[in-house]
Number of protein chains: 2
Amino acid sequence: MLITDNSLVSLKPIQQSVQVTFNYDVHFTHGLFELDNPLLAEVIAGNGEITPKKVLAVVDAGLLKDHQGLVKKISNYARFYEDIINLIEQPIIIPGGELVKNNPKFVEQIHQLIDAGGICRHSYVLAIGGGAFLDMVGYAAATAHRGIRLLRVPTTVLAQNDSGVGVKNGINAFGKKNFIGTFAPPYAVLNDLDFLTSLDDRDWRSGIAEAVKVALIKDADFFHFIRIYAEELASRDMKFMENVIYRCAQLHLEHIANSGDPFEKGSSRPLDFGHWAAHKLEQITDYKLRHGEAVAIGIALDSTYAYLIGLLSQSEWQNILVTLKQLGFTLYLPALTEKLEQPNHPHNLFTGLTEFREHLGGKLTITLLQGIGQGIEVNQVDLSIYKQAVYMLRDWL
Amino acid sequence: MLITDNSLVSLKPIQQSVQVTFNYDVHFTHGLFELDNPLLAEVIAGNGEITPKKVLAVVDAGLLKDHQGLVKKISNYARFYEDIINLIEQPIIIPGGELVKNNPKFVEQIHQLIDAGGICRHSYVLAIGGGAFLDMVGYAAATAHRGIRLLRVPTTVLAQNDSGVGVKNGINAFGKKNFIGTFAPPYAVLNDLDFLTSLDDRDWRSGIAEAVKVALIKDADFFHFIRIYAEELASRDMKFMENVIYRCAQLHLEHIANSGDPFEKGSSRPLDFGHWAAHKLEQITDYKLRHGEAVAIGIALDSTYAYLIGLLSQSEWQNILVTLKQLGFTLYLPALTEKLEQPNHPHNLFTGLTEFREHLGGKLTITLLQGIGQGIEVNQVDLSIYKQAVYMLRDWL
């Protein structure tokens, strides 16, 4: 004990250091719910834990149009592997898309299902759907009992190569994207590439934007690959897409593991290249623009700015814009310029810089490029040059 | 790149490992908001960051009766240290006590204030109040922008030596304590011991229960200290209380740092000794029982059970009950036995075991004692003996 002879304790501060390690595997497969594919059952079985394990399956309603049999397939799979999987009820259908993040009732619905099903921290929420859907379900899972194990089955390119493999979740509030959320690594990610064949062209293309982004800031060879196979990717060649998804996921995962700041306590956010404008554009267009479509414009805009301030050569800059164009992206929208001369209008593009800084915290830090494959962080920008970049995009080509 | 000659990528799983380190200091002081105490300003200044920093101060309404000047004092402190502290508005008053965790509107209110004030991840929420209040504010801070820096100023014994120094937050839902919450270490904890002088006797005493608990499972010398000074502690001798708080906080912090499972992914939960019954009793009594009062009963019950199954000697068992009694705790309530013969009644005490297991996840794991200062985990219990223990408590003394 500290006290002797009733002398007062010395009130020295106690310095606490808590280290937490999160391990999770990102799997790539075909036919995840085919009975002869044991992957999901193996993942759920865990490591010598008592089975069967309770599982709450939640399915993105957007999938049902092209996958009518999905709910039945999941139930059949669970029945086939009943020694391992105890599906607490029929898979639940919940809307997908960004709008599902705007209404807190969906999070509440999942909390209710977790409560009613007696789902505990060693049980699973199995979430099957697009990136926004996974963000919302992930937030619900992360906050029930301070964290239910989350199995993500991302069904879009964007979710398979980017948002679905990372450590974030969230919903929107106060008109701001991801205002509410947590950092919470999944228990595992199961990328079933078969889901991609049924994507519409916009969603197929949209996910490639994050691959272009991570290639531009980290891996010139990867950008070269995307550039030379842009036509094949645009025309939906699955072979090339698999490569793009795998490498993009890998680069994202390496960054999260090795950045030294996986839960983003600092101001640096290199993976958010092109994202300040993208988030703002999604908001201005009331989320009619897909995230990846907005990111493509954000990349084009920030690359143009980087060219204007001398960080990129003209040929590098053109290379980027041409590649995005060949992939099928539109690089200009009227929303970019409509309120550009009204600095205080909430739809002024540059208010996105303030919102971006507030969300990240600390001083403004955005990532630009100083070459293909080489991101660079800057802490201030010249708005008059940025304005010029916007108009150049409008007039390009 | 992975592809050569259009050969398919090998879809090997990517094994991700994310390590996160959380550092925070737990300070002990007197007169935290006195102008000549620079501690709070120093903590807010951070490590070479740009100041002043935005701060949203939130105050537990329960403090105002005995600390009428508190809000003004905080404002004055901020004005005095204006180079460092930018109080975005007058400190906000929000109710305290367990009931504040039952209504989600308080979390929403804090989210609104964070949004309206442009509070970012590098700004601070300064929360001043009791344990339940800090749990609720902490949850709001942890989920806005995926985590605003939280400065906890715990004002009760329980919060200063236990809940306020740990890594959890939460609110109640579906009638279940902490059903919703996250693991989120604070930025810093500032224990101002002066707040304890104005506690009512129940709150003063209540916090000692967690000290008894951690002493019983980890530190026989500490239990010995509490036992011999039980009268002094009961009669509110601050000198002894400071020792109890410091040592109890230290033991909790050491456990969190060294347990190997700070975010409780496994089933083991030694710090929850006495807590399965405590949580249930709080629920049955509609939170009229203080948490510490419930924990004291839980400790008495689990110690009696440990005695009955031969883990504790009679003198050890008596020592525990006598100490709790001397500290002023009531060790029996009619709520313990009222529905004991109705296994499925929601107010049956033993339904607390199931709820406890569900909250923790995995197999039932409760901590008992195999001697003073020596916790031991068990995975099954004999309900008929537990029932006997309940009736022994009723009839004891």
Does A:Phe273 satisfy the criteria of being under 30 Å from A:Asp261 (Cβ atoms), aromatic (Phe, Trp, Tyr) and more than 17 Å from the chain's Cα centre (by Cα)? no
With respect to B:Leu158, determine if the residue is away from every other protein chain (no Cβ under 11 Å), at negative phi, of a type outside the set (Phe, Trp, Tyr) and in a helix (DSSP H, G or I). yes
Within segment B:109-122, count every residue that is in a helix (DSSP H, G or I) and within 9 Å of another protein chain (Cβ to nearest Cβ). 5
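A quick yes/no check of all residues on (1) β-branched (Val, Ile, Thr); (2) part of a helix (DSSP H, G or I); (3) touching a residue at least 12 places away in the same chain (Cβ under 8 Å):
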position: A:Asn191; (1), (2), (3): no, no, yes
position: A:Arg202; (1), (2), (3): no, yes, yes
position: A:Arg205; (1), (2), (3): no, yes, yes
position: A:Val214; (1), (2), (3): yes, yes, yes
position: A:Glu242; (1), (2), (3): no, yes, yes
position: A:Ile245; (1), (2), (3): yes, yes, yes
position: A:Ala249; (1), (2), (3): no, yes, yes
A:Glu358, sole failed condition from (1) without any contact (Cβ under 8 Å) to a residue 40 or more places away in the chain; (2) part of a helix (DSSP H, G or I); (3) surrounded by fewer than 19 Cβ atoms within 10 Å (Cβ to Cβ); (4) not aliphatic (A, V, I, L, M): (3)
Flagged in segment B:191-208 as surrounded by 24 or more Cβ atoms within 10 Å (Cβ to Cβ) and within 14 Å of another protein chain (Cβ to nearest Cβ), in numbering order, are B:Asn191
Whichever residue in segment B:281-291 is at pLDDT below 95, touching a Leu at 6+ places or on another chain (Cβ under 7 Å) and assigned to a helix (DSSP H, G or I) and, among such residues, is nearest to B:Trp204 (Cα to Cα): B:His291
Just the residues that are more than 10 Å from chain B (Cβ to nearest Cβ), in contact with a helix residue (DSSP H, G or I) (Cβ under 8 Å, 6 or more places away or on another chain) and part of a helix (DSSP H, G or I), please, taken from segment A:128-142. A:Gly131, A:Ala132, A:Phe133, A:Leu134, A:Asp135, A:Met136, A:Val137, A:Ala141
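Specify which of the listed residues (B:Val125, B:Val153) is within 14 Å of another protein chain (Cβ to nearest Cβ), crowded, with 21+ Cβ neighbours inside 10 Å and not in a helix (DSSP H, G or I).
Checking each option against the conditions leaves just B:Val125.
Using the structure shown, decide if A:Val137 is among the hydrophobic types (A, V, I, L, M, F, W, C), under 22 Å from A:His359 (Cβ atoms) and in the same structural domain as A:Val58 (by TED's automatic domain parsing).
It is true that A:Val137 is among the hydrophobic types (A, V, I, L, M, F, W, C), under 22 Å from A:His359 (Cβ atoms) and in the same structural domain as A:Val58 (by TED's automatic domain parsing).
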Select from segment B:241-275 the residues that are under 19 Å from B:Ile320 (Cβ atoms), crowded, with 23+ Cβ neighbours inside 10 Å and in contact with an Asp or Glu (Cβ under 8 Å, 6 or more places away or on another chain) and list them in ascending order. B:Arg247, B:Cys248, B:Phe273, B:Gly274
I'd like to check something: does segment A:19-27 contain any residue that is surrounded by 13 or more Cβ atoms within 10 Å (Cβ to Cβ), in contact with a Pro (Cβ under 7 Å, 6 or more places away or on another chain) and under 30 Å from B:Ala215 (Cα atoms)? yes
Across segment B:66-83, the tally of residues that are closer than 16 Å to B:Gly129 by Cα and touching a residue at least 12 places away in the same chain (Cβ under 8 Å) stands at 6
Answer residue from segment B:25-41, given it is of a type outside the set (Asp, Glu) and in a loop (DSSP other than H, G, I, E, B) and is nearest to B:Gln250 (Cα to Cα) among those: B:His30
Could you pull out the residue among A:Phe195, A:Phe183 that is aromatic (Phe, Trp, Tyr) and within 13 Å of the chain's Cα centre (by Cα)? A:Phe183
Just to check your reading of the model, which residue among B:Pro95, B:Pro38, B:Pro104, B:Pro52 is at the interface with another protein chain (Cβ under 10 Å from one of its Cβ atoms) and either in contact with a strand residue (DSSP E or B) (Cβ under 9 Å, 6 or more places away or on another chain) or in contact (Cβ under 8 Å) with a residue 40 or more places away in the chain (or both)? B:Pro104
Looking only at segment A:56-70, decide whether some residue is within 14 Å of chain B (Cβ to nearest Cβ) and on the phi < 0 side of the Ramachandran plot. yes
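Among the residues of segment A:338-352, which ones are part of a helix (DSSP H, G or I) and either away from chain B (no Cβ under 13 Å) or small (Gly, Ala, Ser) (or both)?
Of segment A:338-352, the ones part of a helix (DSSP H, G or I) are A:351-352.
Across segment A:338-352, the qualifying residue is only A:Gly352.
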Of the residues that make up segment A:180-188, is at least one outside any loop (DSSP other than H, G, I, E, B), within 8 Å of another protein chain (Cβ to nearest Cβ) and modelled with pLDDT of 95 or more? yes
Flag for A:Ile226 being of a type in the set (A, V, I, L, M, F, W, C) and in contact with a Leu (Cβ under 8 Å, 6 or more places away or on another chain): yes
Any residue at all in segment A:104-125 that is within 15 Å of the chain's Cα centre (by Cα) and modelled with pLDDT of 95 or more? no
Which condition does A:His145 not pass, out of (1) surrounded by fewer than 23 Cβ atoms within 10 Å (Cβ to Cβ); (2) facing chain B (nearest Cβ under 9 Å); (3) more than 13 Å from the chain's Cα centre (by Cα), if it passes all the others? (1)
So if I check each of A:Ala57, A:Ala78, A:Ala61, which one is farther than 28 Å from A:Leu289 by Cα and within 22 Å of the chain's Cα centre (by Cα)? A:Ala57
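The values are calculated or read from the model by the stated rules, or taken from the named source; none is laboratory data. Note that the structure is a prediction, hence the values are computed from the model and not measured. Quick reminder, even Gly has a Cβ in these numbers, built from the backbone with ideal geometry, and neighbours come from all protein chains shown.
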